[in-house]
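Rule-based calculations on the coordinates, nothing more; no lab input. Model, not experiment: these values are computed from the prediction. With ideal geometry, Cβ positions are generated from the backbone for all residues, glycine too; neighbour counts draw on all protein chains shown.
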Amino acid sequence: MAEPSTPEAPWPVRTVARLIGEWVSKLGRVWVEGQVTQIGGRGATVFLTLRDPVADVSLSVTCPRSVADQASLEEGARVVIHAKPDFYLGRGTLSLSATEIRAVGVGELLARIERLKVLLTQEGLFDQDRKRPLPFLPGVVGLITGRASAAERDVLENARRRWPAVRFDVRNVAVQGYLAVEQCVGAVKDLDGKVDVIVLARGGGSVEDLLPFSDEALLRAVARCRTPVVSAIGHEPDNPLLDLVADVRCSTPTDAGKRVVPDVREESQRVSMLRDRARRVVVGTVDREQHRLQQALSRPVLLEPLRLVTERARDVAALRDRGSRAITSRLDRAQQDLTHTLARVVALSPQATLDRGYAVVQTLDGAVVRDADDMALGDTLMVRLANGELRVQVG
């Protein structure tokens, strides 16, 4: 083991490369699974690239041509290899030297898909409460499909037949093979947030052809999408896991074209029905209120609006006459009482006595003389008559 490296005594590149090579050689032979992406050959040696579609990591692999021919390798195939890791000091690269290559069969692929399905179910990626509804009328529809494919044509034609004004943002990608997952994931990420709904469409195929649509990387990318995603993989017997992660699953691309947009004819009929219904409601309301108004107008109080005023005027006149009569009667009685009282006062007045010929004799100081003996000869007295006074002297 080399001495520990320090800033003052760093390791040269050759030392680091040698140590890495020693560590790699200790790993020994391992079984590795991946997807074949590139195959080349030179003489008796075959070169290929083994890719991990989930982590997007690849390694170079070399093997004898006999081993490659026995495995019948082709690009996009899933394989398991028995190889020894090698680190080349000159180039600083890591590769695998394979001695055995086994193709992964359909049964094993389906078993792995089933295990992935159980895992994603436990994580809740298939739960219904995660599903988002499609917009009623999307402004732009993102379509991810193969270039010039029947699936693309079916989605576009059926959607535009139903709603001619619909707009599409089409991304043509590989829908099978080793590039399918990477390109589909890139298209999903690029369209997310830029369109109103994303459609992943393919016109069906074998189990091996549809493996990208059950790939964990694509499934998690769809699950993280903020935009509703429609799965339109036309393969009924064995549905890819994308159907379970997507917000809406369509059996075919044709069905997807019909689901993402409404039918303009149906919507026009619905608008006409709603307009007729609104018209009937308005007309019914107006008729009902007009009938109520006619009933109100037929009431006596509205047929003769001044009737109440006239009746109240007669009542006021009657009350006024009654009040006038009552006051006049009281005044007459009061006048009679006053006349009687005045007659009694007049009758009792001393002046009335004088008017009958009587006189009142008073002394000069005003005292009334009632007894002649009270007076002496020569006293001066005042005699009041009915009209005037006399001054007399007692003789």
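Observations on the model:
- The convex hull around the C-alpha trace of the stretch 142-262, projected and averaged over every direction, spans 6.3 square nanometres.
- Cβ-placed point charges (K, R +1; D, E -1), dipole of the stretch 352-393 about Cα centre in debye, nearest 20: 200 debye
- Along the axis of the charge dipole computed for the chain (Cβ charges of +1 for Lys and Arg, -1 for Asp and Glu, origin at the Cα centre), the listed residues LEU19, LEU377, LEU342 are led at the positive end by LEU342.
- Among VAL281, VAL360, VAL104: highest mean-square fluctuation, GNM of the chain, C-alpha pairs under 10 Å: VAL360
- Of VAL46, THR145, VAL264, farthest towards positive along the dipole that unit charges on Lys, Arg, Asp, Glu beta carbons give the chain: VAL264
- Distance from the C-alpha centroid of the stretch 325-393 to that of the stretch 254-276: 122 Å, rounded to the whole angstrom.
- Note on the chain: GNM, Cα springs under 10 Å; of GLN38, GLN294, GLN128, the largest mean-square fluctuation is that of GLN294.
- One equal scatterer on each Cα of the chain, no solvent, Debye formula: the resulting log10 I(q)/I(0) at q = 0.07, 0.09, 0.10 Å⁻¹ is -0.64, -0.80, -0.89.
- Computed from phi, the 3J(HN,Hα) profile of the stretch 172-185 under the Karplus parametrisation 6.51, -1.76, 1.60 (θ = phi - 60°) reads 8, 9, 6, 10, 7, x, 6, 8, 5, 5, 4, 6, 5, 4 Hz, with x in place of Gly and Pro.
- Sparse packing (at most 13 other Cβ atoms within 10 Å of the Cβ) combined with a DSSP loop state is found for the following GluC sites (Glu not before Pro) in the stretch 1-39: GLU8.
- The dipole here belongs to the stretch 270-329: it is taken about the Cα centre, uses +1 on the Cβ of Lys and Arg and -1 on the Cβ of Asp and Glu, and is about 320 debye.
- Put a plus charge on the Cβ of each Lys and Arg, a minus charge on the Cβ of each Asp and Glu, and nothing anywhere else: the dipole of the chain about its Cα centre is then about 1060 debye.
- Rounded to 5, the percent of DSSP beta bridges in the chain classed as antiparallel: 65 percent
- Across the stretch 13-104, Cα-Cα distances exceeding 17 Å account for 48% of all pairs.
- Unit Cα scatterers, Debye sum, the stretch 211-357: log10 I(q)/I(0) for q = 0.11, 0.14, 0.19, 0.21 Å⁻¹: -0.81, -0.94, -1.13, -1.21
- Cα gyration tensor shape for the stretch 133-197, rounded if a/c is under 1.5, else prolate or oblate: oblate
- Listed by chain and number, the lysines whose C-alpha is less than 28 Å from the C-alpha of LYS258, apart from same-chain residues fewer than 8 away, are LYS131, LYS189, LYS194.
- Note on THR380 and VAL13: the extension gain reaches 114.4 nm, defined as 0.36 nm multiplied by sequence separation minus the Cα-Cα distance.
- Convex hull volume of the C-alpha atoms in the stretch 336-395, normalised per residue: 97 Å³.
- GNM top mover of ALA83, ALA313, ALA98 - the chain, alpha-carbon springs below 10 Å: ALA313
- Between the beta carbons of ARG288 and ASP190, assuming R0 = 51 Å, the FRET efficiency works out to 0.30 to the nearest 0.05.
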